[in-house]
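The values are calculated or read from the model by the stated rules, or taken from the named source; none is laboratory data. Bear in mind that the values here come from a model prediction, so they are computed numbers and not experimental data. Neighbour counts are summed over all protein chains in view; Cβ atoms, including those assigned to glycine, are modelled from backbone coordinates with ideal geometry. Remember, those area values only see protein heavy atoms, side chains included, never the ligands or the DNA or RNA. Shrake-Rupley method; radii C 1.70, N 1.55, O 1.52, S 1.80 Å.
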Amino acid sequence: MKGWERHAMCTTPYLSQEDLAILSAFARVRGEGARELASLIASSIPLPATQKQARRVALGATVRYRAVGASDTQAVVIACPHDANALLARVSILTPLALGLLGHAEGCTVGIALPHARTLPVDIVEVQPPSSHLCHPR
């Protein structure tokens, strides 16, 4: 057993109604990444519209994370593809990192899909809710 496999992995994402609607729209109009988005949507549990987000990764959220076993953290903002910018640490919802983080709560350990059927376990250290996000397919 690898050391990170002893961590309690969070496997079920919980997404707001608004995020599910936006992700579904992207899955319908995007060729690249549509299959992964559809898989995320299918495996998610929708949050009731009245339930407050409890430090969960949502569209527009700022997420501080670290690879399991590492001491350094990194921060990214989960963004729509047309707003993504590597220099500003704005990560597209179509990337494996964003797909792995979306819907999971602060304190979770999640697996980020890597090439060749590998997984990078990361700890979600902090989630700052979005100040606003106007994310719609173009």
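Some notes on this structure:
- Selection of region 85-108 for residues being small (Gly, Ala, Ser) and in a strand (DSSP E or B) yields Ser92, Ala105.
- Residue check: Ala75 meets all listed conditions (1) small (Gly, Ala, Ser); (2) open to solvent by 60 Å² or more (accessible area, probe 1.4 Å); (3) modelled with pLDDT of 90 or more but one, namely (2).
- Close contacts from region 110-138, counting a first residue that is closer than 13 Å to Asp83 by Cβ and a second that is of a type in the set (Phe, Trp, Tyr) and at pLDDT below 95, with Cβ to Cβ under 8 Å and a gap of 6+ residues or different chains, come to Pro137/Phe26.
- Where a residue in region 18-30 is among the small types (Gly, Ala, Ser) and its partner, wherever it lies, is in a helix (DSSP H, G or I) and open to solvent by less than 60 Å² (accessible area, probe 1.4 Å), with Cβ under 9 Å and at least six apart: Ser24/Leu37; Ser24/Ala38; Ser24/Ile41; Ala27/Ala34; Ala27/Leu37; Ala27/Ala38; Ala27/Leu40; Ala27/Ile41
- Leading residue by the ranking (farthest from Ile22 (Cα to Cα)) among those in region 45-67 that are surrounded by fewer than 20 Cβ atoms within 10 Å (Cβ to Cβ) and touching an Asp or Glu at 6+ places or on another chain (Cβ under 6 Å): Arg66
- Within region 95-114, considering residues that are in contact with a helix residue (DSSP H, G or I) (Cβ under 6 Å, 6 or more places away or on another chain) and open to solvent by less than 40 Å² (accessible area, probe 1.4 Å), the one nearest to Ile22 (Cα to Cα): Leu99
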